[in-house]
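Colleague: Quick one: this structure, given as structure tokens, is what I'll be asking you about.
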Amino acid sequence: MNKLIALVFYATAALTCLGSDPTFTVDASHSAGQVSPTLYGLMTEEINHSYDGGLYAELIRNRAFLDGANAPACWSVVNDDDAAADIALDPTNSFNEELTMSLRVTVTKATKDHPAGVANSGYWGIPVQPGTSYHALILARAESSFSGPVTISIVSDDGKKVYATQTLSGLGTAWDKFAVTLKTGEVTPTAKARFVMTLDQPGTVWFGMVSLFPPTWNDQPNGFRKDLMQMLVDLNPKFLRFPGGNYVEGETVETRFDWKKTIGPIWERHGHPCPWGYRSTDGLGLLEFLEWCEDMKAEPVLAVYAGYSLKGQHVNPGPNLEPFVNEALEEIEYVTGDTNSVWGARRAQDGHPAPFNLHYVEIGNEDWFDKSKSYDARFAQFYDAIKAKYPLLKTISTIGDDQPETARVHSRKPDVIDGHYYRSVDTFLRMSPDYAKAYDRIGPDIFVGEWAAYETSFPPWSRLSQKEPPTPNLKAAIGDAVFMAAMERNSDLIKMQCYAPLLVNVNPGGRQWRPDLIGFDALSAYGSPSYYAIQMFSRNVGDEILATASLETAVQGCATRDSLTGDIFLKLVNPQATAEKLEIEINGAGSLARKASEIVLAGDPGDSNSLAQPKKVVPVTQTVRHVKPGFTCTMPPCSIVVLKLKARS
Ligand code: AHR
């Protein structure tokens, strides 16, 4: 806002509130800037079993037997007193060069009534739903004296109920792929179930990969869990930042997100150790990330590996870095190239001939951790190569305005800088009123690529976080909301922002970080109060910023207007333990409809949602009457209110 106009505006606001209730003033006489159309988006990486055991709908854990070198993790013998089997990892007998391990199942004693074999416990259970088809893909071979059948079933943990079953026959001594569909009947949903493969006679079978998918979002093969996708779509995201976060960096150069190893049929993906302490199948690979964007009608914000890994390894700029720069250029070609290009053709071969729209490429992640201070030169090398081949692409530096000026990139001017804000609620309450006010409007643009408020006295990376619930409470949502309001007020400069982390598997051992936005187990999912706060903000936003002033009150907020309809979206956050009666002054708006709608998220600050109580804190929509340019709004204690004011037609 022009300084003179600002002075006059704030002076007017001050006069208005003299002798009355605290006032929240909106200057609707003119637009104070454009709201970035890509302001609200999502950030994702493999953390907290976000993909494996989460959004990626695969139900078999350790499907390629590569989790652990000594024993087949998550697989166990099925036998009884009259049946016997032995299972073992067999590296000498593998399906191909990517799937380097197989599971050998040797049944020494079995009959129809007493079968023996192997079971998989899934990601904290196999979710069983009524009337549902599950698609299994099994890579297998057998010794010459055995050709089947193998009985494939989904069975209750205690073995008493068979929810769905099929037989598989025709096994030969050469590896082959078998597709099996399992259909459940009437059943009460449960995750207390296992996937079981048994023989009813002695024999030896090797399995190279065993995969099982429930119905997926849009019935996409190798696709996504439906309930989680619906929750993500409901956030109305305009972009998806992927694949990290730390996940793009890996602990070492070797274990970075090596995109070429994540494409093609799933039996050609070896997977790799993810930096969050478990192995990724890479089933959700580069193409799946892009299809995920497509499914949400969001644009990809692609992070490329830039030569720094978490254990402190870095690749020296210059010739050593060249292969990684080329790897990034090829990755961009895979995303955007037409089918005449090498990597565009490969994308078509992988099933997606149409190129994806890409505007932003992020070079690395959190490179201020690189003690060698090589980022400026590494960034420059990537920047020059990317701009030479893709001049319209915008480059994002990972060292943002949350880091000292001296640490940032100076040899080139990044188009965008990415700052990360994990802050306590109190810090957000303190910093938000002035956030970004003083920033230079000539750029670079700002991407707040990771942020979250925490309500604990310790930060998310503290071990103490493990003792807390995985998702945050309403108090944290208040901190999130004041920061979102600040970013929206400044969205002429803050072009994109996204909360992190997005997803958490709430089972014991499922998570590495809190707070997280959406919690889930094998069967169901819920949104935290922060999830609903983001939904309220992202679904109610105009394209013009309106200047606001918050006077004699702790309430913070922002306002935008839809330039086509004239509708005004007012967002207010009351962090206090008491209700707040606010005078809302809307100056220069023309006439407003008398009826407006109001969405309220309120409760006790300690209130939170969980699997057991998924809807304890959810927004409530109601109609407000008698709206005029000056009206009173009483905000409940600890509340977030979105007012949708309609222009009078
Ligand atoms: O969001 C969790 C982690 O926080 C991200 O992987 C990393 O970028 C940041 O330090």
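Colleague: Suppose every K and R has +1 on its Cβ and every D and E has -1 on its Cβ; what is the size of the dipole of the chain about the Cα centre, in Debye to the nearest 20?
Modeller: Charge dipole of the chain: 1240 debye, to the nearest 20.
Colleague: Give me a comma-separated list of calculated 3J(HN,Hα) values for the stretch 77-86, in order, Karplus coefficients 6.51, -1.76, 1.60 applied at θ = phi - 60°, integers in Hz, x for any Gly or Pro.
Modeller: 6, 10, 7, 8, 4, 10, 9, 9, 8, 10
Colleague: Could you tell me what percent of the DSSP beta bridges with both partners in the chain are antiparallel, to the nearest 5?
Modeller: Percentage antiparallel, nearest 5: 70.
Colleague: For the chain, what percent of Cα pairs sit more than 33 Å apart?
Modeller: Cα-Cα pairs in the chain separated by more than 33 Å: 51 percent.
Colleague: Sticking with this structure for a sec: Which whole-Hz couplings ³J(HN,Hα) result when phi for each residue of the stretch 556-563 is put into the Karplus expression 6.51 cos²θ - 1.76 cosθ + 1.60, θ = phi - 60°, listed in order with x for Gly and Pro?
Modeller: 10, x, 7, 9, 9, 10, 7, 5
Colleague: Given a cut-off of 20 Å, name the pairs among Lys238/Lys394; Lys226/Lys644; Lys616/Lys646 whose C-alpha atoms lie farther apart than that in the structure shown.
Modeller: Lys226/Lys644; Lys616/Lys646
Colleague: While we're here: What nm distance separates the two modelled labels at Asn218 and Asn96, each placed 7 Å from Cα along Cα→Cβ?
Modeller: The two pseudo-label positions are separated by 2.5 nm.
Colleague: A follow-up question, please. If N is the number of residues in the stretch 15-145, what value comes out of its Cα radius of gyration divided by 2.2 N^0.38 Å?
Modeller: Cα-based Rg divided by the globular estimate yields 1.99.
Colleague: Distance between the C-alpha centers of the stretch 438-486 and the stretch 537-563? Whole Å please.
Modeller: Centre-to-centre distance over Cα atoms comes out at 20 Å.
Colleague: Once phi is turned into θ = phi - 60°, what whole-Hz ³J(HN,Hα) does the Karplus curve with 6.51, -1.76 and 1.60 give for every residue of the stretch 448-461, x standing for Gly and Pro?
Modeller: 8, x, 8, 7, 5, 8, 10, 9, 7, 7, 10, x, x, 7
Colleague: What is the set of long-range amide H partners of Leu358 at a cut-off below 5 Å, with H atoms built 1.01 Å from backbone N?
Modeller: none
Colleague: Taking H as built 1.01 Å from N, whose amide H comes closer than 5 Å to the amide H of Phe257, not counting residues under 5 places away?
Modeller: Glu249, Gly250
Colleague: Separate question: For the stretch 48-207, how many pairs of lysine residues have a Cα-Cα distance under 21 Å, where the two are 8 or more positions apart or belong to different chains?
Modeller: The result is 8.
Colleague: For Gly122, which sequence-distant residues (separation of 5 or more, or a different chain) have an amide H within less than 5 Å of its own amide H, given hydrogens modelled in the peptide plane?
Modeller: Close amide H contacts, sequence-distant or interchain: Arg61, Phe195.
Colleague: Based on a Kirkwood Rh over C-alpha pairs, give the Stokes-Einstein translational diffusion coefficient of the stretch 279-381 at 25 °C and viscosity 0.890 mPa s in µm²/s.
Modeller: So the translational diffusion coefficient is about 164 µm²/s.
Colleague: Loop only by DSSP, 10 or fewer other Cβ within 10 Å of the Cβ. Give me the trypsin sites (Lys or Arg not before Pro) in the stretch 304-347 that pass, ordered by residue number.
Modeller: Answer in residue order: no site qualifies.
Colleague: Could you give the Stokes-Einstein D for the stretch 105-223 in µm² per second, using the C-alpha Kirkwood radius, 10 °C, 1.306 mPa s?
Modeller: It comes out at roughly 108 µm²/s.
Colleague: Lysines within cross-link reach of Lys311: Cα-Cα under 17 Å, excluding same-chain residues under 8 positions apart?
Modeller: Lys371, Lys373
Colleague: Just want the answer: with Cβ charges of +1 for Lys and Arg and -1 for Asp and Glu, which residue in Phe356, Leu493, His626 is farthest toward the dipole's positive end in the chain?
Modeller: The Cα lying farthest towards the positive end belongs to His626.
Colleague: Applying a 10 Å radius around every beta-carbon, put 377-385, 403-411 in order of their mean neighbour count, most first.
Modeller: Those peptides, ordered most packed to least, come out 377-385, 403-411.
Colleague: Could you check the spin-label model distance between Asp604 and Asn326? Points 7 Å from the Cα along Cα→Cβ, value in nm.
Modeller: 6.2 nm
Values in this text are rule-based calculations from the coordinates and carry no lab data. Here the structure is a predicted model, which is why all the values come from computation and not from measurement. Neighbour counts run over all protein chains shown; Cβ positions are idealised from the backbone, glycine included.
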